[in-house]
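First up is the structure itself, then whatever we jot down about it.
What follows is calculated from the coordinates using simple rules that are stated; it is not laboratory data. The structure presented is a predicted model; accordingly, all values stated were derived computationally and were not measured. A quick note on method: Cβ atoms are made from the backbone with ideal geometry, for glycine too, and the neighbour counts reach across all protein chains shown.
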Amino acid sequence: MLSLVGLGLWNEKDISFKSLNRAKNADFVYLELYTSKWYGDIKKLEKLINKKIEILERNNLEKKSENIIEKAKKNDVVIFVPGDPLIATTHISLLLEAKKKRIKTEVIHNASIYSAIGECGLHVYKFGATATIPFLEKTGNKIPISTYETIKENKRKGLHTLLLLDVISEKNKYMTPNEGMQILLRVEDEKKESIFTKDTEIIVFTRAGSEKPLIIYGQVKDLLNKNFGNPPYVIIIPGKLHFTEKEYLEFYRLKK
């Protein structure tokens, strides 16, 4: 059997009893750490489940996926994933391969940024499509027009936009909100449609699920040079706000 197990948003303390029991009874346990920043202690997690954990890097999961699938034919295999297991499409692919080979699969869900964004005071059902702001080194220095178009379409519908910031885990490189804002301003300079300007009001949400998350609401021009501390981060561009959302967001407004 192949089990994908969510670690939750922050560290090993976020893991459910069900997840721990599944890992304790597994024959092989892996940990994927390239889709999001995780602040857990691997040694503590190994002690909790009394098992050795093999780390999966981005560049070796594809190489090892076939081996993992083969092991799951006759063994119980667990892959720990930060947040919720099915947020990243990579893990859907693993499940699909297992199902094609008639291997039993299981998903144990946990909290993710999609459930945590409600802490900002926005109504979750009012979010439109999510987009990622990529590092320009990945795009050949081409600005992400598709991200801009997603924001534009969501705004047209009055919906909020959750923007995920790019990660290059093998370099321990996490895009900051400041970098993300600068990239979107470059797109605005080209498109000139007033979708994302220095006057746009946004929310920066950092370290969701930690003991000290940070939520700041304000205009881009006032947030561009702010230090947001350690990752992970997301940017949220509000759509049409309900009066309760407006009231809640005022508690997070940046004090000038």
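Would you mind ranking F28, F17 by Cβ crowding within 10 Å, fewest neighbours first?
With the fewest neighbours first, F28, F17 line up as F17, F28.
Going by the alpha-carbon gyration tensor, a ≥ b ≥ c the square roots of its eigenvalues, is the range 114-252 rounded (a/c under 1.5) or, if a/c is not under 1.5, prolate (a/b greater than b/c) versus oblate?
Verdict is oblate for the range 114-252.
Only sites in a loop by DSSP and with at most 11 other Cβ atoms within 10 Å count here; which GluC sites (Glu not before Pro) in the range 174-242 make the cut?
Those satisfying the criteria are E211.
In bins 10 Å wide, starting from 0, what share of all Cα pairs of the chain does each bin hold, as a percent?
P(r) over the chain, rounded to whole percents: 7, 28, 31, 21, 11, 1, 0.
With the cut-off at 26 Å, tell me which of the pairs K142/K171; K18/K104; K126/K152; K157/K255; K47/K173; K13/K73 have Cα atoms farther apart than that.
In this structure, K157/K255; K47/K173; K13/K73 lie more than 26 Å apart at Cα.
Principal axes first, then extents: for the Cα atoms of the range 2-111, list largest minus smallest coordinate on each axis, whole Å, largest first.
Taking the Cα atoms of the range 2-111, the three principal extents are 34, 25, 22 Å.
For E54, what residues show an amide H to amide H distance below 5 Å, using hydrogens built from the backbone and excluding near sequence neighbours?
V29, Y30, L31
Can you run phi through the Karplus equation (6.51, -1.76, 1.60; θ = phi - 60°) for the range 235-242 and list ³J(HN,Hα) in whole Hz, with x for Gly and Pro?
Going residue by residue, I get 10, 10, 9, x, x, 6, 8, 6 Hz, with x marking Gly and Pro.
Taking the Cα atoms only, what angle lies between the long axis of helix 89-100 and the longest principal axis of the chain, rounded to 10 degrees?
In the chain, helix 89-100 runs at an angle near 30 degrees to the longest axis.
What shape does the range 101-183 have by the C-alpha gyration tensor, where a ≥ b ≥ c are the square roots of the eigenvalues, rounded means a/c under 1.5, and otherwise prolate means a/b greater than b/c and oblate the rest?
Taking the square roots of the gyration eigenvalues as a ≥ b ≥ c, the range 101-183 is oblate.
Mind listing the long-range amide H neighbours of T132? Cut-off is under 5 Å, sequence gap 5 or more, other chains count too, H placed in the peptide plane at 1.01 Å from N.
Long-range HN contacts for T132: L164.
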